[in-house]
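A short write-up of the structure that comes next.
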Amino acid sequence: MQHQPHTMQRYFSIGIVIFILFLVDLYVFQAVKTVTQSLSASTQRIIDILYWAVFAITVVTFALASFTRGTPPDAYKTYLASTLFIIFASKLVVVLFLFVDDTLRLGKMVFNNVSSGETTFDPSRNKFLSQMGLMVAAVPFSAFIYGMVKGAYDYRVKRVTLRFPNLPAAFEGFKMLQISDLHTGSFTSTEPLKEAVNLINKQEADLVFFTGDIVNNVAKELMPHVDTLKEIRAKQGVFSVLGNHDYGDYANWESREEKTQNLQTLIDTQRSMGWDVLLNENRRIEKDGAYISVLGVENWGNRAGFPKYGDLSKAYTGAEDSPFKVLLSHDPSHWDGEINQKYNDIDLTLSGHTHGMQFGVNIPGLKWSPVQYVYEQWAGLYKRGRQHLYVNTGLGFIGYPGRVGFLPEITVFELRKA
């Protein structure tokens, strides 16, 4: 009986959400009826049945997801839930057009009341606005569906040349490769990552860096992909750091010891793959008698809700005199939060975390994503004085199983002496 209030609250919350879903569908249904009114009665009936069948499936899916929260999703559940969400999000576009229609009709009623004293409200909808709403809604719907079918595994290699006056001459043309945010728990097959690893190895990089979030929640998500990821090759090693998802903070644990063991398993597994996991430490990379330093910190976020596990002062110790420093730090907010305020001799910071929100516009001359309203540095290269930050938009995905605009990224950096 002690859990009854909590259960009742959950029922109430689910009921409120379902009621909102119904109101949105009922509102959008008016646009559907307006546009299809010239069709035959039997055709209209089929469209009506299909429309409300989707609503019923949405309600059942949402209710089941609410009561099985925390259980590992399978491919069917993931793609069904994502498709239904895309349909609902597209309906919100139609709502905007219907709201404009209602505003115009209300304005017309007020005008008639003022000018002639009549208060008649025209119940008929503007067919053009209804058509436009449905047509415009088809654009994000198509884009998001395409993002699931094609975009999620459309791996792209980005090449970036960076010039530094203090780069040791021996490292002229040195090639570093960055991947980030694998989120292996989101993959339903091992084949996509095999393709990605083949592409990585074709770059013949001197160093490979992984900048965090190798899992969604727990270490066991990584296990099916160990044999694939351990095939990543680099002339002078593969280095990695932890991201916010790697600590198990978003999973339920029976004890603190269980959570601690999960993190240790994740670290040990990466090391068994031949990856050097940097836990607030640094490594010296030597070539032809010269050297540079690679520093790696644990997750350090400058946004509410993201803990600061990282200790840059510890990672920096021993690398003070290094002529060139590369820092691996998962969260790009670390750059403004600490790096360029206290460590202005860190030449290049490599981050991930944002995913480019897996959605946006990314064409020459225009780069936009909703995530830019949360993170000042969220995709690509940023410069401040002598310091550089590169934010990789990630190789995997989480939540929405797709990518639109910001495709899965493998970044290859070529170092040059300025």
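The values are calculated or read from the model by the stated rules, or taken from the named source; none is laboratory data. Computed from a predicted structure; not experimentally measured. For neighbour counting, all protein chains shown are included, and Cβ atoms are generated from backbone atoms with ideal geometry for every residue, glycine included.
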Worksheet entry | Filter result (modelled with pLDDT under 80 and in contact with a helix residue (DSSP H, G or I) (Cβ under 9 Å, 6 or more places away or on another chain)) within the stretch 79-131 | Glu118, Thr119, Thr120, Phe121, Asp122, Pro123, Ser124
Worksheet item: Would it be correct to say that Trp335 is free of Cβ contacts under 8 Å to residues at least 40 places away in the same chain, under 27 Å from the mean Cα position of the chain (by Cα), closer than 19 Å to Asp181 by Cβ and buried (at least 22 other Cβ atoms within 10 Å of the Cβ)?
Response: no
Worksheet item: Quick one: which of Ala75, Ala56, Ala63, Ala89 is closer than 30 Å to Ser186 by Cα, more than 24 Å from the chain's Cα centre (by Cα) and touching a residue at least 40 places away in the same chain (Cβ under 8 Å)?
Response: Ala63
Worksheet entry | Residue check, Glu204 at positive phi and either crowded, with 22+ Cβ neighbours inside 10 Å or among the acidic types (Asp, Glu) (or both) | yes
Practice prompt. Working carefully through the options Arg105, Arg125, find the one that is outside any helix (DSSP H, G or I) and surrounded by 15 or more Cβ atoms within 10 Å (Cβ to Cβ).
Written response: Arg125
Item to complete: Answer yes or no as to whether Glu204 is over 30 Å from Ala81 (Cα atoms) and of a type in the set (Asp, Glu).
Response: yes
Discussion item. Can you tell me how many residues within the stretch 382-405 are closer than 18 Å to Lys367 by Cα and in a strand (DSSP E or B)?
Written reply: 6
Discussion item. Residue under question is Leu312, and the condition is that it be surrounded by 15 or more Cβ atoms within 10 Å (Cβ to Cβ) and within 19 Å of Lys175 (Cβ to Cβ); does it hold?
Written reply: no
Practice prompt. Among the candidates Lys230, Lys235, Lys308, Lys220, single out the residue that is at pLDDT below 95 and either among the charged types (D, E, K, R) or not assigned by TED's automatic domain parsing to the domain that holds Thr411 (or both).
Written response: Lys308
